[in-house]
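Asks: Following this message is one structure expressed as structure tokens.
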Amino acid sequence: MVWKIDGPLGNESGKIKWEIVKWTRGKGLDIGCGVCKTYPHFIGVDNRKDTALFGQPINPDVTVDTAEKLDIFASGSMDFCFSSHLLEHIEYEAVPGALKEWMRVIKPRGYLVLYLPDEDEYPKIGEPGANCDHKWNVSYDRLLDAMRASGTSWDLVDFQKRKEDFEYSLFFVFQKVGSGQHTSWQKKKRPEKTCAVVRYGAMGDLIQASSVLAGLKKQGYHITLFTSPPGDAIVRFDPNIDEFYLQDKDQVPNHLLGEFWAYHRPKYDKWVQLSESVEGSLLALPGRALHEWPPALRHKFLDRNYLEVQHEIAGIPYEPAMRFYATEEEKKWARKERSRMGEFVIAWPLAGSSVHKTWGGLDNTIAALMIDFPKLDVVLLGGEASVLLEQGWEKEPRVHRRSGKWSQRESMAFMDVVDMAIGPETGLMNAAAQLPYPKVIFLSHSTDENLTRDWPNTHVLASKHTVCPGRGNNEAPACHQLHYGWQHCKATADKLAQCQADISGEEAYRVIWHAVTWALEKKVA
């Protein structure tokens, strides 16, 4: 028996909180939450019984008479229900009904997560130290019998007997399925060689991580990627990822991520921490010491290649392999869209995730391309914020305005079938990094050494004489800073970053013209 009378009692859910993260995304209930909900995004549900019995200050979000009736919640309205050390307080004959009610409020494919005292590790009813309010002794078989009697359809996807340290409990995760009652957890086998890669971030961050994933897979690892939406959608079909551990933004508060990672790290043979491998390390974050360094000093220390550093962190050879993996349907769709366009197609992502990732010479450059190359089409790409940048091209059939119309995955799939790409530092340009066709990129807070050094057939445009807060009096070729607004980035009257405004249209068009001409000649040949 693990339980000891002098061991830590109470806050049972705190013992399991790092284990339940991937099962408790979205909106859900903490049934019998007690004094404190496990996570802020949980909806605490309790009958306040312990306030009357023991004087505990229980103030749930929702008060119910009994956990067996959750009429206040609509059927299929929750992504999950979590309950810790509650079911054993309900008469066993009523447990199937309670479980049926909890399953009712869960959406299809959602989860019921239970943490209950193990009769093998905790005093049974009537034994010294037993909880006098317990109505039945919990075992794997008895809980499954109750789930079967609930008449619901489920799959037991995870089960653990928790008896390390101060735990004396059983852990169950049931997924709500369309039909049947299954125990798939029994079929799972631990791979021989495992690696966890932690990478949260935007499109470009995950595309860069794809190179590391490919290198680790080459060494034979079974790879679990710890990440979050929406970035996970970009690598959803990457064949080098065997499993995803998804968590929502701020689901684990930032100041607790270290504890969360420390909990999961021992589960794997190798742990690769790529979070802040670029941002915070090679791109200074506002409010941190690096951000305040003199520009030349910051450049001296941060002018390292992003991808190479990530490979070094993973301890694998530096073999660039950034790639977006489109599905067969996406490839077919992209080819169909491409077939409707001219002989030579340029993809032009318009803006990145930060204010400084937009170049101001777009319209003049496109107009010149339309005149100089009659068989050339331009496809403008981006999110909703880029729609404004497309204005003025509504009547030109050779300019295809797709910002806000195509999804990120569709846009990335399309990057695979074009003849050339032009744009600022964006996820879409990262997706095209290793492709052989010509690319022209407008650099802002990064240098060629940082980002594009090893991209084949890539022409870099960067300002040479910018004076701004991040570069000082033209003291460095890039600021090496992350920007979330204009506080540390100099904006022109046209709301362009000074470093982008300083890239002349004449210089840009000369580079673009030569790249197009070379590509056309090669295509004819």
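The values are calculated or read from the model by the stated rules, or taken from the named source; none is laboratory data. Keep in mind the model is a prediction, meaning the values are calculated, not measured. Virtual Cβ from ideal backbone geometry, glycine too; neighbours counted across all protein chains shown.
Asks: Find the strands (runs of 3 or more DSSP E) located wholly in the stretch 1-102 whose residues include 2 or more that are outside the structural domain of residue 163 (by TED's automatic domain parsing), among the charged types (D, E, K, R) and modelled with pLDDT of 90 or more, and list them.
Replies: Counting at least 2 such residues, we get no strands (runs of 3 or more DSSP E) at all.
Asks: Tell me, which residue of the stretch 156-206 that is buried (at least 16 other Cβ atoms within 10 Å of the Cβ), outside the structural domain of residue 271 (by TED's automatic domain parsing) and acidic (Asp, Glu) is modelled with the lowest pLDDT?
Replies: So the residue we want is 167.
Asks: Name the single residue that is nearest to the chain's Cα centre (by Cα) among those in the stretch 142-155 being polar (S, T, N, Q) and crowded, with 17+ Cβ neighbours inside 10 Å.
Replies: 152
Asks: Another question, if that's okay. From the list 165, 155, which residue is of a type outside the set (Lys, Arg) and assigned to a loop (DSSP other than H, G, I, E, B)?
Replies: One residue alone meets the criteria, 165.
Asks: Residue by residue through the stretch 124-141, note down the ones that are surrounded by 15 or more Cβ atoms within 10 Å (Cβ to Cβ) and in contact (Cβ under 8 Å) with a residue 24 or more places away in the chain.
Replies: Result: 134, 135, 136, 137, 138, 140.
Asks: Can I ask one more? Regarding residue 255, is this residue assigned to a helix (DSSP H, G or I), modelled with pLDDT under 95 and closer than 25 Å to residue 15 by Cβ?
Replies: So residue 255 fits the description; yes.
Asks: Filter the stretch 182-209 down to the residues that are assigned to a helix (DSSP H, G or I) and either over 16 Å from residue 427 (Cα atoms) or under 13 Å from the mean Cα position of the chain (by Cα) (or both) and list them by number.
Replies: Within the stretch 182-209, 184, 185, 186, 187, 203, 204, 205, 206, 207, 209 meet the criteria.
Asks: Which condition breaks for residue 295 when tested against (1) modelled with pLDDT of 95 or more; (2) under 28 Å from residue 519 (Cβ atoms)?
Replies: (2)
Asks: If you don't mind, another one. Can you name every residue in the stretch 207-221 that is surrounded by fewer than 17 Cβ atoms within 10 Å (Cβ to Cβ) and in contact with a Pro (Cβ under 6 Å, 6 or more places away or on another chain)? Outline the logic, then answer.
Replies: Initial filter on the stretch 207-221 (surrounded by fewer than 17 Cβ atoms within 10 Å (Cβ to Cβ)): 218-220.
Those that are surrounded by fewer than 17 Cβ atoms within 10 Å (Cβ to Cβ) and in contact with a Pro (Cβ under 6 Å, 6 or more places away or on another chain): none in the stretch 207-221.
Asks: Identify all residues within the stretch 243-296 that are among the aliphatic types (A, V, I, L, M) and buried (at least 17 other Cβ atoms within 10 Å of the Cβ); write none if there are none.
Replies: 252, 272, 274, 278, 282, 283, 284, 290
Here is a yes/no grid of residues against (1) touching a helix residue (DSSP H, G or I) at 6+ places or on another chain (Cβ under 7 Å); (2) free of Cβ contacts under 8 Å to residues at least 24 places away in the same chain:
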site	(1), (2)
436	no, yes
451	yes, no
460	no, yes
468	yes, no
483	no, no
488	no, no
508	yes, no
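Asks: Quick one: which residue in 467, 511 is in contact with a His (Cβ under 9 Å, 6 or more places away or on another chain) and over 14 Å from residue 354 (Cα atoms)?
Replies: Exactly one of 467, 511 is in contact with a His (Cβ under 9 Å, 6 or more places away or on another chain) and over 14 Å from residue 354 (Cα atoms), namely 511.
Asks: Against the condition of a type in the set (A, V, I, L, M, F, W, C) and in a loop (DSSP other than H, G, I, E, B), how does residue 146 come out, does it pass?
Replies: The answer is no for residue 146.
Asks: I would also like to ask the following. Any idea which of (1) farther than 23 Å from residue 213 by Cβ; (2) surrounded by fewer than 21 Cβ atoms within 10 Å (Cβ to Cβ) is the one residue 369 doesn't satisfy?
Replies: Condition not satisfied by residue 369: (2).
Here's the yes/no breakdown for (1) in a helix (DSSP H, G or I); (2) free of Cβ contacts under 8 Å to residues at least 40 places away in the same chain; (3) basic (Lys, Arg):
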| residue | (1), (2), (3) |
| --- | --- |
| 330 | yes, no, no |
| 334 | yes, no, no |
| 355 | no, no, no |
| 389 | yes, yes, no |
| 392 | no, yes, no |
| 395 | no, yes, yes |
| 412 | yes, no, no |
| 417 | no, no, no |
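Asks: So, residue 435, is that one at pLDDT 95 or above, in the same structural domain as residue 374 (by TED's automatic domain parsing), more than 24 Å from the chain's Cα centre (by Cα) and surrounded by fewer than 23 Cβ atoms within 10 Å (Cβ to Cβ) or not?
Replies: Yes: the conditions hold for residue 435.
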